[in-house]
1. Could you list 51, 22 in order of exposure, starting from the residue whose Cβ has the fewest other Cβ atoms within 10 Å?
2. List the lysines whose Cα sits under 26 Å from the Cα of residue 43, skipping any in the same chain fewer than 8 residues away.
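Laboratory data are not the source of any read-out in this text; all were calculated from the coordinates shown. It should be emphasised that the depicted structure is a prediction, and the values quoted were computed from it without experimental measurement. Positions of Cβ are generated from backbone atoms using ideal geometry, with glycine treated the same way; all protein chains shown enter the neighbour counts.
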Amino acid sequence: MIGCWLFPDKSDNMVSVRRLPLLADLDSCKKLSWDSAVRVESKQQDNKTSLKNEERKLEEQEMKKWSILDRISASRR
């Protein structure tokens, strides 16, 4: 469950130090609220994806601006 649900983004090759104490005592792991942990991790992954998408959109807009400016300057020559 840890590999599939808590860390669904396989592009990352590191685990946050915050989560290591949760695995120190495997017997106590049964008592933890894994459902909540999965929801939090999923939300964080969604936020990362949203930020990446937003950054990509901004980069595309910037590229379009430069493309338009290049065309305008080329037409004036």
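1. Fewest-to-most ranking of 51, 22: 51, 22.
2. The qualifying lysines are 10, 30, 31, 52, 57.
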